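The block underneath contains the structure these notes are about, expressed in structure tokens.
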Amino acid sequence: MEARAELRYARISPRKVKIVLDLIRNKSVKEAEAILKHTPKAACEYLQKLLNSAVANGVNDPAKSMDKEDMYVAQCYVCQGPTLKRIRPRAQGRAFRIDKKTSHITLVLRDSE
């Protein structure tokens, strides 16, 4: 049994998310929640909501009926989404481009049994 949750078009760079995903990969849900709660990274806010959503998907689906205590983070990965391109005015009429990156984050939980 597995439960999954996806977050698409998150306004954070995939590079920043990957750092935190490496911390919670292959950890139990309880341990992953504790890590996300006490890690001072911007990606933790997105990942906490995503983890709670994946747990709810596993617990509340009658076909799966997974137990929260037995779940662990089996897979978690991030892919780059579309980049928002913005312009920053500079001296002498020039313009520099600012790339605002987005992420598609996927979290898969499985039973430890």
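Select from region 1-29 the residues that are crowded, with 19+ Cβ neighbours inside 10 Å and either more than 12 Å from the chain's Cα centre (by Cα) or of a type in the set (Phe, Trp, Tyr) (or both) and write down the one among them that is nearest to Ala56 (Cα to Cα).
Filtering first and then ranking leaves Ala3.
Looking at Lys30, Lys41, Lys85, can you tell me which residue is among the basic types (Lys, Arg), farther than 18 Å from Arg4 by Cβ and part of a helix (DSSP H, G or I)? I'd like the intermediate steps shown before the answer.
Details: Lys41 fails: part of a helix (DSSP H, G or I); Lys85 fails: part of a helix (DSSP H, G or I).
Of Lys30, Lys41, Lys85, the one residue that is among the basic types (Lys, Arg), farther than 18 Å from Arg4 by Cβ and part of a helix (DSSP H, G or I) is Lys30.
Taking region 1-23 as the search range and keeping residues that are out of contact with any Phe, Trp or Tyr (no Cβ under 9 Å at 6 or more places or on another chain) and among the small types (Gly, Ala, Ser), which one is nearest to Ala43 (Cα to Cα)?
Ser13
Could you tell me whether Asn52 is open to solvent by 70 Å² or more (accessible area, probe 1.4 Å), without any contact (Cβ under 8 Å) to a residue 24 or more places away in the chain and either in contact with a strand residue (DSSP E or B) (Cβ under 6 Å, 6 or more places away or on another chain) or closer than 14 Å to Leu7 by Cβ (or both)? Outline the logic, then answer.
Details: open to solvent by 70 Å² or more (accessible area, probe 1.4 Å): yes; without any contact (Cβ under 8 Å) to a residue 24 or more places away in the chain: yes; either in contact with a strand residue (DSSP E or B) (Cβ under 6 Å, 6 or more places away or on another chain) or closer than 14 Å to Leu7 by Cβ (or both): yes.
The answer is yes for Asn52.
Identify, please: which residue in region 55-82 is aliphatic (A, V, I, L, M) and part of a helix (DSSP H, G or I) and is, among those, nearest to the chain's Cα centre (by Cα)?
Of all residues in region 55-82, those aliphatic (A, V, I, L, M) come to 55-56, 59, 63, 66, 71, 73-74, 78.
With part of a helix (DSSP H, G or I) added as a condition, the list becomes 55-56, 59.
On the way: Val55: 13, Ala56: 15, Val59: 19 Å.
Top of the filtered list is Val55.
Could you tell me whether any residue of region 8-20 is assigned to a strand (DSSP E or B) and of a type outside the set (Gly, Ala, Ser)? Show your work before the answer.
Just the residues of region 8-20 that are assigned to a strand (DSSP E or B), to begin with: 8-10.
Adding the requirement that they be of a type outside the set (Gly, Ala, Ser) leaves 8-9.
Yes, that holds for at least one residue.
Give the residues of region 69-101 that are surrounded by 15 or more Cβ atoms within 10 Å (Cβ to Cβ) and not β-branched (Val, Ile, Thr), sorted by residue number. Step through it out loud before you land on a result.
Taking region 69-101 as the starting set, the residues that turn out to be surrounded by 15 or more Cβ atoms within 10 Å (Cβ to Cβ) are 70-74, 76, 78, 81, 101.
Asp70, Met71, Tyr72, Ala74, Cys76, Gly81, Lys101, listed by residue number.
Give all pairs with beta carbons closer than 7 Å in which a residue from region 1-30 that is on the phi > 0 side of the Ramachandran plot meets a residue that is modelled with pLDDT of 95 or more and outside any strand (DSSP E or B); count only pairs at least 6 apart in sequence or on separate chains.
Tyr9/Gly81; Tyr9/Thr102
The values are calculated or read from the model by the stated rules, or taken from the named source; none is laboratory data. As the structure is a prediction and not an experimental result, all values here were calculated from the model. No Cβ is skipped: glycine too gets one built from the backbone with ideal geometry, and neighbour counts run over all protein chains shown. What goes into the accessible areas is simple: the full protein's heavy atoms, side chains included, and nothing from ligands, DNA or RNA. Shrake-Rupley method; radii C 1.70, N 1.55, O 1.52, S 1.80 Å.
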